[in-house]
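Comments concern the structure below.
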Amino acid sequence: MSEDQTSLGIKLKRYAQVSTTLGGLAARLAGQHYLGVGVNPEHATSLKQALGGLKGPLMKVAQFLATIPGTLPPEYAEELSELQSNAPPMGWNFVRRRMANELGPDWRQRFNSFDQEATAAASLGQVHKAEDLSGNNLACKLQYPDMNSVIEADLEQLKIVLGLYHLWSKSLDTKEVQSEIVERLHEELDYHNEAKNIAIYQRIFANDSAIKIPSYYPDLSTKRLLTMSWMPGQSLLSFADAPEDFRNTLADTLFKAWYKPFYHYGIIHGDPHPGNYKVEKNGTLNLLDFGCVRIFPPSFIQGVIDLYNALLHDNPEQAVYAYETWGFKNLTKELIAIMNQWARLLYDPLLDDRVRPIQESNSGAVGLEVASRVHSELHQLGGLRPPREFVFMDRAAVGIGSVFMRLNVKRNWHQLFNQLIEDFSVDKVQKAQDEVTAIK
């Protein structure tokens with residue numbers, strides 16, 4: 001059987017697996033549009049349950065879309081933002097065959113030990129703990145098979161559903177959003193690319209003892225197998241009941257881990273999921289999973305800071321300039337007013353010079369309310385097409401904010417932010433970016 005025939009067979013199998021999940025949603029959305037009725041929250045709950053049991057990118061894409069206002073009905077966004085992978089890991093016989101494909105039939109001789117049970121299973125692969133011949137503890141991230149074909153099948157199915165939803169709501173044109181997600185997902189499948197991202201973050205935090213990045217083992221890695229040093233520690237959320245001083249210091253470290261790369265290098269980790277951190281007892285933060293890293297032109301970061309200053313000083317002209325720097329087009333006064341509602345929600349803790357929670361209500365209710373209002377008003381004005389760079393910046397802001405809420409921390413976010421940007425310049429960021437990305 002040819003490679004093309006194999007890929008087609010995989011796609012068809014995936015279509016069959018996914019079509020029941022998304023086909024029912026598509027039919028319901030189409031029926032709701034035809035009958036002129038609203039979204040049923042029960043449908044959103046059932047969709048979350050169905051997607052949570054599927055391996056592959058569909059669950060990850062749903063998480064992405066849930067953080068962008070107007071892409072999905074608010075009821076769906078609220079449910080899908082809570083998605084976790086419940087898919088079981090690959091069995092040992094399957095793992096042995098996959099490891100032999102990546103490292104050769106004698107792969108076991110290259111390790112002192114290799115745990116048969118996966119320590120973690122995610123949407124695109126799973127992790128096994130191992131020990132190399134020198135006694136180093138390792139994390140071996142093994143990609144699920146045929147993920148390129150699975151991605152193509154999943155995204156084609158999702159495009160159908162989004163197309164039907166856009167018949168019902170004109171709030172957001174997601175063409176650029178979809179293009180960005182496709183590109184980032186294909187990057188995530190290339191573990192050589194993730195190894196480069198690890199090297200970039202090692203350079204950024206080389207002199208920071210509070211933030212640790214794993215080491216990469218190229219001799220035990222391939223495009224679909226990534227072997228790194230094992231990072232110790234407990235899950236981030238296990239410290240939700242730690243002493244207040246510890247949680248506050250941890251919050252400061254998290255803030256720096258996420259936003260120093262962005263404001264100093266134009267680089268952001270696009271997946272601020274709590275599972276991508278481990279915390280040691282001394283408070284050291286270990287960062288994991290560098291598959292989704294976005295590099296921005298420094299002018300884009302300038303736009304982020306310009307919008308902050310526009311909101312801080314109530315300068316509408318500067319806000320327009322910032323949005324146009326990001327790539328928004330055909331802006332009207334009405335559209336800008338709507339966009340500023342969402343921007344104020346994200347920037348609010350940075351504008352407020354006092355110690356406070358990241359969100360005053362310490363729940364997602366306010367965000368959902370604002371997203372619903374933005375969605376409705378954009379629909380009335382005929383919609384908006386956000387630039388593709390907007391996707392992961394927006395997702396990172398929402399994701400890291402939710403982590404701060406779950407840790408129940410209070411900080412002066414205004415001061416933390418201004419400390420990061422006080423020496424900002426486009427030229428300085430461009431130079432720093434060139435230095436850390438110059439990886440052979």
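The values are calculated or read from the model by the stated rules, or taken from the named source; none is laboratory data. Worth saying up front: this structure is predicted, and the values here are computed from it rather than measured. Glycine also receives a Cβ, built like all others from the backbone with ideal geometry; neighbour counts cover every protein chain displayed. Surface areas here come from the heavy atoms of the whole protein model, side chains and all, with no ligands, DNA or RNA. Shrake-Rupley method; radii C 1.70, N 1.55, O 1.52, S 1.80 Å.
What the table below lists for this structure:
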quantity: Selected residue [crowded, with 16+ Cβ neighbours inside 10 Å and within 18 Å of residue 370 (Cα to Cα)] from 337, 343; calculated: 343
quantity: Meets criteria (among the basic types (Lys, Arg) and modelled with pLDDT under 80) for residue 55; calculated: yes
quantity: Selected residue [among the basic types (Lys, Arg) and under 30 Å from residue 111 (Cα atoms)] from 203, 294; calculated: 203
quantity: Subset of the stretch 233-265 that is in contact with a strand residue (DSSP E or B) (Cβ under 6 Å, 6 or more places away or on another chain) and under 18 Å from residue 202 (Cα atoms) - its residue that is surrounded by the fewest Cβ atoms within 10 Å (Cβ to Cβ); calculated: 253
quantity: All positions within the stretch 273-292 that are open to solvent by 10 Å² or more (accessible area, probe 1.4 Å) and either part of a helix (DSSP H, G or I) or touching a helix residue (DSSP H, G or I) at 6+ places or on another chain (Cβ under 8 Å) (or both); calculated: 273, 274, 275, 276, 278, 283, 288, 289
quantity: Residues of the stretch 312-324 that turn out to be assigned to a helix (DSSP H, G or I), surrounded by fewer than 20 Cβ atoms within 10 Å (Cβ to Cβ) and not acidic (Asp, Glu), as a count; calculated: 5
quantity: Candidate set from the stretch 219-232 (those that are open to solvent by 30 Å² or more (accessible area, probe 1.4 Å) and either assigned to a helix (DSSP H, G or I) or not basic (Lys, Arg) (or both)); member that is farthest from residue 121 (Cα to Cα); calculated: 219
quantity: Subset of the stretch 174-197 (residues that are β-branched (Val, Ile, Thr) and either within 16 Å of residue 99 (Cα to Cα) or surrounded by fewer than 20 Cβ atoms within 10 Å (Cβ to Cβ) (or both)); calculated: 182
quantity: The listed residue being touching a Lys or Arg at 6+ places or on another chain (Cβ under 7 Å) and either of a type in the set (A, V, I, L, M, F, W, C) or within 30 Å of residue 127 (Cα to Cα) (or both), out of 270, 275, 382; calculated: 270
quantity: Identity of the residue in the stretch 404-440, closer than 18 Å to residue 293 by Cβ and β-branched (Val, Ile, Thr), that ends up surrounded by the fewest Cβ atoms within 10 Å (Cβ to Cβ); calculated: 439
quantity: Output for the stretch 175-214, where each listed residue is out of contact with any Cys (no Cβ under 9 Å at 6 or more places or on another chain), assigned to a helix (DSSP H, G or I) and of a type in the set (Lys, Arg); calculated: 175, 196, 203
quantity: Single residue of 268, 338 found to be under 22 Å from residue 417 (Cα atoms) and touching a residue at least 40 places away in the same chain (Cβ under 8 Å); calculated: 268
